[in-house]
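To keep things clear, I will list the structure first and then write my remarks on it.
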Amino acid sequence: GADVVFSAIRPGGTAGRTVDERVATRLNLLGQETTGAGGIAYALRSVPAALAIARRMRELCPQAWLINFT
């Protein structure tokens with residue numbers, strides 16, 4: 001019965017972020033989690049999880065809006 005679903009997830013947790021940023025930095029790349037290599041690594045973990053949420057919403061609340069803050 002939801003009209004809106006707000007999603008703010010971090011697959012991999014803080015440990016995942018740390019790894020993403022440090023690996024990128026060691027390669028002399030931008031490591032920040034929203035841009036560059038660190039952001040791509042974060043997206044590769046986050047997109048499948050966000051799609052799983054969207055699929056579940058399609059079953060439970062197909063008319064709801066998804067606000068993704070990930």
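The values are calculated or read from the model by the stated rules, or taken from the named source; none is laboratory data. Note that the coordinates shown come from a computational prediction; the quantities given were computed from them, not determined experimentally. Counting neighbours? That spans all protein chains shown, and the Cβs are built from the backbone with ideal geometry, glycine included. Protein only, heavy atoms only, side chains kept; ligands, DNA and RNA dropped before computing areas. Shrake-Rupley method; radii C 1.70, N 1.55, O 1.52, S 1.80 Å.
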Of the residues in segment 2-15, those that are in a loop (DSSP other than H, G, I, E, B), aliphatic (A, V, I, L, M) and more than 11 Å from the chain's Cα centre (by Cα) come to Ala2
For segment 13-26, pairs from a residue that is farther than 12 Å from Gly39 by Cβ to a residue that is of a type outside the set (Gly, Ala, Ser) and part of a helix (DSSP H, G or I), with Cβ under 9 Å and 6 or more apart or across chains, are Gly16/Tyr42; Gly16/Arg45
query = Does Thr70 satisfy the condition of being touching a residue at least 60 places away in the same chain (Cβ under 8 Å) and at negative phi?
reply = yes
Residue count, segment 25-53, condition closer than 30 Å to Ala2 by Cβ, part of a helix (DSSP H, G or I) and open to solvent by 60 Å² or more (accessible area, probe 1.4 Å), comes to 5
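State the number of residues belonging to segment 54-65 that are exposed (fewer than 15 other Cβ atoms within 10 Å of the Cβ) and of a type in the set (A, V, I, L, M, F, W, C). Quick ask: steps written out before the conclusion?
Here is the first cut: in segment 54-65, the residues exposed (fewer than 15 other Cβ atoms within 10 Å of the Cβ) are 54-56, 58-60, 62-65.
Remaining after also requiring of a type in the set (A, V, I, L, M, F, W, C): 54, 60, 64-65.
Result for segment 54-65: 4.
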Going residue by residue through segment 16-24, is there one that turns out to be assigned to a helix (DSSP H, G or I), of a type in the set (D, E, K, R), at negative phi and within 9 Å of the chain's Cα centre (by Cα)? no
Looking across segment 4-16 at residues that are open to solvent by 80 Å² or more (accessible area, probe 1.4 Å) and out of contact with any strand residue (DSSP E or B) (no Cβ under 9 Å at 6 or more places or on another chain), the single one that is nearest to Ala54 (Cα to Cα) is Arg10
With the first residue restricted to segment 34-46 and required to be touching a residue at least 12 places away in the same chain (Cβ under 8 Å), and the second required to be open to solvent by 60 Å² or more (accessible area, probe 1.4 Å), Cβ contacts under 6 Å at 6 or more apart or on different chains are Gly36/Leu29; Gly36/Leu30; Ala37/Leu29; Gly38/Gln32
Residue hits (segment 20-51; in contact with a Leu (Cβ under 9 Å, 6 or more places away or on another chain) and within 19 Å of Thr70 (Cα to Cα)) are Gly36, Ala37, Gly38, Gly39, Ala50
